[in-house]
Structures are given as structure tokens and as C-alpha cells.
Amino acid sequence: SAFYVHTTDGKLALLAETQPDRPSPPITLTGIDSDDVLIAIDVRPVTQELYGMARNRLTGAFHLYHLVAVTGIAKAVGPPALVTNAANVPIATDAERYGMDFFPTSNSLRLVNSSGLNLDFNPNTGALNSKDSAINGLTTQVDEVAFSNNDPYTRGSTLYTIDSATGSLYMQFPAYQG
């Protein structure tokens, strides 16, 4: 088994489970808009393809990219998605940490950040499906997410979240309620 990692300088590397201390030579990602910063990556269970979410440093909008790991080519999936409140006013999306994972049963993409955002995206269009309830409960600062049973044919899945500030693992149920 292998894992993809993205670096803070816009590169992509592969880590083999058997040799995690020996990453592949990093490949520079090309095709990402100059004001977009890659914040999270994940493999989509239905297609086994790599995707990355970027945040625009000027507007705060999120932009989904399909990433070709072998070549480093990034292709935008639809236009950037601006997160707004009920009055259609853009809200702050900045945070120290972000996490994303594909929901294997619905094929949607969950994005969270350490400021409490809890968002659901359509991976076919890059559009924001919904701005779900803010992260709440025992913690309000999750910075990574992972669904169990990460198989496209699973009948059920549980969303787990990590708060790296406290080193805690939480179960978020249901996923859209924070």
C-alpha cells in the first residue's frame, strides 16, 4: 500500500507503507492557479484518482483539482466555490489546518478545518453542496477527517475526526451535523 503526501512548496510525493522514511522524489504540481494554495489531498474511492483542494489566498474560495500523480498535472474541477452565509456574504475560510475525505457511500467530499468549517462538495463539479453545521461538541477544532469502510461499494460508513491540538479522535455523527 502507498500514500500520497503534498508538501508546503507545492509538490507531491509517494510513501510506501513498507518504507515510510523513503518518499519518492517530489513532483512539482502544475496547473494550480497562482493564488490557490493546496490544503488537502485524497484518493476518490469510486475512481481511485487523486484530488486536491486548494484555497485562494485572496478570496478565500475553495477550488477542487484532479491531480495526476505521475506527471504532477492539476486540472481544475469546475470554478472556485465561495463559502457564504445566509445573506450571501462571504465568510472567513482561513485556518491553520484542513482535512478532507471522500464519503464512500454518497461519493461526496467532506472538507473541515481547524476553525470549525464543515463543508460538503460535489466531486464531479467542484461545487459546494452544503455548508453544514459547524464542528461542535467536545471539540470545535478538527483538522483531519476519515471515513471508515473507504470502499465504493460499502453500505455504511462512519466519519472520524482528529483534533491535533489535543491529540484526540472523535466520531462525527451524522457527518453533516458537526
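The values are calculated or read from the model by the stated rules, or taken from the named source; none is laboratory data. None of the values given here were measured: they were computed from a predicted structure. So basically every Cβ, Gly included, is an ideal-geometry build from the backbone, and we count neighbours across all protein chains shown. Surface accessibility is based on the protein's heavy atoms, side chains included, excluding ligands, DNA and RNA. Shrake-Rupley method; radii C 1.70, N 1.55, O 1.52, S 1.80 Å.
Observations on the structure shown:
- Taken over segment 98-116, the residue count meeting the criterion of being in contact (Cβ under 8 Å) with a residue 24 or more places away in the chain and open to solvent by less than 20 Å² (accessible area, probe 1.4 Å) is 12.
- Strands (runs of 3 or more DSSP E) lying entirely in segment 1-65 (those with 2 or more residues that are at pLDDT 95 or above and either of a type outside the set (Ser, Thr, Tyr) or touching a Pro at 6+ places or on another chain (Cβ under 9 Å) (or both)): 36-44, 49-56
Conditions (1) open to solvent by 40 Å² or more (accessible area, probe 1.4 Å); (2) acidic (Asp, Glu); (3) in contact with a Lys or Arg (Cβ under 7 Å, 6 or more places away or on another chain); (4) under 21 Å from Arg110 (Cα atoms), marked per residue:
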position	(1), (2), (3), (4)
Gln19	yes, no, no, no
Pro23	yes, no, no, no
Gly60	no, no, no, yes
His63	no, no, no, yes
Pro80	yes, no, no, yes
Val89	yes, no, no, no
Ala92	yes, no, no, yes
Glu96	yes, yes, no, yes
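- Those residues of segment 38-58 which are open to solvent by 60 Å² or more (accessible area, probe 1.4 Å) and of a type in the set (A, V, I, L, M), in sequence order: Val46, Leu58
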